[in-house]
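The values are calculated or read from the model by the stated rules, or taken from the named source; none is laboratory data. Bear in mind that the values here come from a model prediction, so they are computed numbers and not experimental data. We place every Cβ from the backbone using ideal geometry, glycine too, and count neighbours over all the protein chains shown. Heavy atoms of the whole protein, side chains included, go into the accessibility calculation; ligands, DNA and RNA do not. Shrake-Rupley method; radii C 1.70, N 1.55, O 1.52, S 1.80 Å.
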Amino acid sequence: MSRRSTATVAACVAAGSTLMIAPAHASETKDAGIQARVECTRLSNGQLCISLNTSPSRIEVFYTKSGGSKISAQLGHRSSGGDTRWGPTKSISTGERANTTWTVSYRCDVDWKGLIKVSGQGTFETPWATC
């Protein structure tokens, strides 16, 4: 596991298994051949993450807002198989962390992306996470 992946996992564990937010066009590089259950991306005003968890099986998407004005946004996830789900609309201010959890038996034969749809700004996503 790369230092970046190890640091990300450690930060998530320290934050109570939660992660932050980033935009769809931003991504972090991971080592070839490494499968990650957690993927994050940095956005201009925060960090977006997806976490594939077990016991119970669930998909969690987190956004931590580090700057800018308050936004209205939905967190969601998409699979490489074409399934997309969205959570409720949330108002998120600087310094806040928003998360949405889906308790589902997710498939490991597809990859997963965390999504945030920001009103008036568009949709941003994490890199693909795998089981």
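I'd like to verify a number: residues in segment 108-119 that are in a loop (DSSP other than H, G, I, E, B) and either touching a Gly at 6+ places or on another chain (Cβ under 7 Å) or crowded, with 16+ Cβ neighbours inside 10 Å (or both), how many? Final tally of qualifying residues: 2. Considering (1) out of contact with any His (no Cβ under 8 Å at 6 or more places or on another chain); (2) crowded, with 18+ Cβ neighbours inside 10 Å, the lone condition that G122 does not fulfil carries the number (2).
The criterion of at least 3 residues that are open to solvent by less than 10 Å² (accessible area, probe 1.4 Å), within 18 Å of A129 (Cα to Cα) and in contact (Cβ under 8 Å) with a residue 60 or more places away in the chain is met by the following strands (runs of 3 or more DSSP E) wholly inside segment 37-89: 46-53. For A26, all conditions in the list (1) of a type outside the set (V, I, T); (2) at pLDDT 50 or above; (3) closer than 26 Å to R107 by Cα hold save one; what is the number of the exception? Checking A26 against (1) of a type outside the set (V, I, T); (2) at pLDDT 50 or above; (3) closer than 26 Å to R107 by Cα, the one that fails is (2).
Could you list, in sequence order, the residues of segment 90-107 that are more than 20 Å from T54 (Cα to Cα) and either touching a helix residue (DSSP H, G or I) at 6+ places or on another chain (Cβ under 6 Å) or loosely packed, with under 13 Cβ neighbours inside 10 Å (or both)? Within segment 90-107, S91, S93, G95 qualify.
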